[in-house]
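Reading through the structure tokens given below for one structure.
Any read-out appearing in this document is the output of simple, stated calculations on the displayed coordinates, not a laboratory observation. Keep in mind that what you see is a predicted model, and the values were worked out from it rather than measured. Cβ sites come from the backbone with ideal geometry, for glycine too, and all protein chains shown count toward neighbours.
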Amino acid sequence: MSFSHNSFFCIFMNTRNRGKNSGDDQLFGSAKVVAKLQDAIRDMHYLLSRGFAEKASAELVGNRYRLRARQIQMIKAAAAGAGEMARRKAKECAPAALAGKPVYIDGFNVIILLESMLSGAYIFKGCDGCYRDLSSVHGSYKRVAQTDRSIELVALFHRQLGLSKITWIFDKPVSNSGRLKQIVLDYAQEHELNWEVYLEFSPDKYLAALPETIISSDAWILEHCSSWFNLVEYLVCTEKPALNLVAAYKD
């Protein structure tokens, strides 16, 4: 799929990059560090599976392995207890199950994760099979060099699986959410895609209450939604992008 030169693009190339944080190579980039993080997640998985609170478990494991704050953030994102893993697996949809069906996308969660993946930031595959990153919008979203390609990948997924419709849900309180909504709508109009975009004050609760399939890696949404699809896993398998993937969990 290729883009045409139209109003969807900025006149000047957007050179802002989601990318890595300074120091991430030291925190996540060596085999020795990854092995330590995998051991930490294994221990946290053990604690969560036995009913320990996430905060207490992360503090205990972080102290044991002398982890930095950003590494603790990563193991919290990647870890899950046995019960959580089983519940999420039971609600995960296979690609073939989506043919002719509508899906709802957790907009910022998906866009920022894809932007991070495409920009060479570290991506972590957690206990539940979901891919996550350490980026966030911090109240304001800024378009980056990878935004257009991220939207294109969602369009590719839409066509390959024959979806009937995609509805994007963005956080209304986040600055520039309206601009991103228009970018997505303009792309859909140009490429004749059945997409809708809505801004919601509480998108997590909105998505979790829907009977349709959700695309998100947010743990709370995965726990409460009816069904979900692992979009990034699908794209990694089908498109095989170059990425800095840390398999954050090992048996």
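Points to keep in mind about this one:
- Where strands (runs of 3 or more DSSP E) sit wholly within region 159-251, those with at least 2 residues that are more than 24 Å from Ile123 (Cβ to Cβ) occupy 165-171, 195-200.
- Residue in region 102-112 that is closer than 25 Å to Ala242 by Cα, among the hydroxyl-bearing types (Ser, Thr, Tyr) and not in a helix (DSSP H, G or I) present: no
- Which numbered condition Cys130 misses (of (1) on the phi > 0 side of the Ramachandran plot; (2) in contact (Cβ under 8 Å) with a residue 24 or more places away in the chain): (1)
- Options Val232, Val197, Val184, Val174; residue that is under 18 Å from Asp133 (Cα atoms) and out of contact with any Asp or Glu (no Cβ under 9 Å at 6 or more places or on another chain): Val232
- Condition check for Val144: of a type outside the set (Lys, Arg) and over 22 Å from Thr238 (Cβ atoms): yes
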